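Chemist: What follows is a single structure, and I will ask about it in a moment.
The values are calculated or read from the model by the stated rules, or taken from the named source; none is laboratory data. Computed from a predicted model, the values in this text were never measured in an experiment. Methodologically, a virtual Cβ is constructed for each residue, glycine included, from the backbone with ideal geometry; neighbour enumeration extends over all protein chains shown.
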Amino acid sequence: MSHTPHELADEFPNDHALLHELKLHNSHFVTLADRYHEVNGEIHRIEAGVETPSDEYAETLKKKRLGLIDEISGIVAKAKAEA
């Protein structure tokens, strides 16, 4: 099985413990992380040539991934500030 780029652990390499805590105690974070994982997986399949949607759809997915990572980054930053 190949590694899917842009997983949350890759995006936040120094925050594995914090990500784990957020998954355990923050339901909104869990929802965002699940959506991010789904979108990122779909982008990976497109980039690997497994799926071949329109360029417009692929770009829409990439924008969605960016929006999700921005929101997730905000939650991580807030959790760090409160720690």
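Chemist: With Thr52, Thr31 as the choices, which residue is at pLDDT below 95 and either in contact with a strand residue (DSSP E or B) (Cβ under 6 Å, 6 or more places away or on another chain) or polar (S, T, N, Q) (or both)?
Modeler: Thr52
Chemist: Can you work out which of the residues in region 31-67 that are touching a Leu at 6+ places or on another chain (Cβ under 9 Å) and either without any contact (Cβ under 8 Å) to a residue 24 or more places away in the chain or of a type in the set (A, V, I, L, M, F, W, C) (or both) is farthest from Ala9 (Cα to Cα)?
Modeler: Pro53
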